[in-house]
Amino acid sequence: MTASKGLEGIVATQSAISSIIDDSLTYVGYDVDDLAENASFEEVVYLLWHQRLPKEDELAELKKQLADNMSIPQEVLNHFKTYPIGDVHPMAALRSAISLLGLYDEKAEDMSDEANYEKAIKLQAKVATVVTAFSRIRKGQEPVAPKAELGYAANFLYMLTGEEPEEIAIEAFDKALVLHADHELNASTFTARVCVATLSDIYSGVTAAIGALKGPLHGGANEQVMKMLMEIGSEENVESYIREKLDNKEKIMGFGHRVYRKGDPRAKHLRAMSKKLTALRGEEKWYNMSEKIESIVTGEKNLPPNVDFYSASVYHSLGIDHDLFTPIFAVSRMSGWTAHILEQYSNNRLIRPRAEYVGPGMQKYVPINER
Ligand SMILES: CC(=O)SCCNC(=O)CCNC(=O)[C@H](O)C(C)(C)COP(=O)(O)OP(=O)(O)OC[C@H]1O[C@@H](n2cnc3c(N)ncnc32)[C@H](O)[C@@H]1OP(=O)(O)O
Ligand SMILES: O=C([O-])CC(=O)C(=O)O
């Protein structure tokens, strides 16, 4: 038995949800470029859950179900109020809140297909409320209730700020949600599948996935990208900052990918959005710095940007707090996690790989006073 470090190149499951073949990403056979230009996030959610695009009435029904399920129990809001202000990362709050939501769902342990689908809807609806309510409560503001007439992306921005967002912000945010919705067997989705393959419940699976997404080698990279941009501060400093990092063999956040070699197809959409939004806000420097970083890292290391790189300046331009970038990734990826969990349940087998043992050979127990 020989281990593949990081399970590189191991095909661990079959899935009909999304695929990466020859550096192209498709959701159920639809190119992500096509979906990013044409589909709403709700259509993509339906696509991932049902493996087909919704008809008009089906989309309307899903939108209603999401709007109807957005409220979260007062107990979860009260819980946020007990956290030490400023000390709790929103991903830790989200991880705890999703777990807590399971306690208030009378169907949490109901493993029927209908109950699991209902829970997927509830999770997708409530994750937006959890992230926005936590953000407001930690600033001493009251949570804002969603508006039934707004779509998912618009409602998120509305619940975050208390103001109806501009059309351009809704469009950009909706596209970002589409682009982050699913990604084959990434670390957090794999985590979710491993968890529920023991026939544990969907809240456990999603809670585990949030924990995996939080790390800076995965979803946590988008917050780190913005931190880096802030540290660099101006275009003149890019060259020396990046070259020093590369010379010290440090990783540049937002670059590289386990699967893509030629480049992440999502990055070009986010690059274009970053260019447009930073210009609109009169803050071109974030885009210009990002472009310069890209040219150095690509030139020196042949590492293209991934989805996390330009999403940082996009979210910053939308006025979003930097530590909410990864929770927003989770808001979108909830659709992929829940789709994969439902798929795992539908054709389950315990996921239990082997380890290549590299410890000492056989040893004989030595009594404690003789060691
Ligand atoms: C949504 C997402 O999860 S997308 C990924 C988000 N994560 C990041 O942006 C963090 C930065 N990137 C990375 O750490 C990596 O590229 C990963 C984790 C995404 C993929 O990593 P892996 O396939 O495991 O590659 P690994 O980390 O082994 O790196 C291979 C080589 O490329 C180098 N490398 C990889 N990424 C980077 C980077 N961002 N900056 C500099 N060097 C890098 C490594 O140092 C290593 O070099 P070496 O062979 O000389 O030691
Ligand atoms: O697939 C991966 O390894 C990481 C990634 O890009 C994602 O989850 O979107």
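Each reported figure results from applying straightforward, stated rules to the coordinates on display, with no laboratory input. All figures in this text were calculated on a predicted structure; none of them were measured in a lab. As a convention, Cβ positions derive from the backbone with ideal geometry for all residues, glycine included, and neighbour counts pool all protein chains shown.
Observations on the model:
- Cα centroid of region 190-267 to Cα centroid of region 284-362, whole Å: 5
- Close amide H partners of residue 255, meaning residues 5 or more places away or on another chain with modelled amide H under 5 Å apart, are 306.
- Across all directions, the average flat footprint of the convex hull enclosing the Cα atoms of the chain is 22.9 nm².
- Of 122/147; 122/227; 63/175, those spanning more than 21 Å from alpha-carbon to alpha-carbon: 122/227
- Gap separating the Cα centres of region 47-88 and region 152-184, nearest whole Å: 13
- Start at zero, step by 10 Å, and the Cα-Cα distances of region 100-154 spread as 21, 41, 31, 7, 0 percent across the bins.
- Relative contact order for the chain, counting Cα pairs under 8 Å that sit 6 or more residues apart, in percent: 23
- Kirkwood Rh and Cα Rg combined as Rg over Rh, evaluated for region 221-317: 0.93
- Extension gain, residue 142 to residue 243, is 31.9 nm, computed as 0.36 nm per intervening residue step minus the present C-alpha separation.
- Each of residue 19 and residue 111 was given a label point 7 Å from its Cα along the Cα-to-Cβ line. The distance between the two points is 3.1 nm.
- 5 Å-binned pair-distance histogram of region 77-224 (Cα, whole percent): 2, 9, 16, 20, 22, 18, 11, 3, 0
- With all projection directions averaged, the alpha carbon convex hull of region 1-158 covers 13.1 nm².
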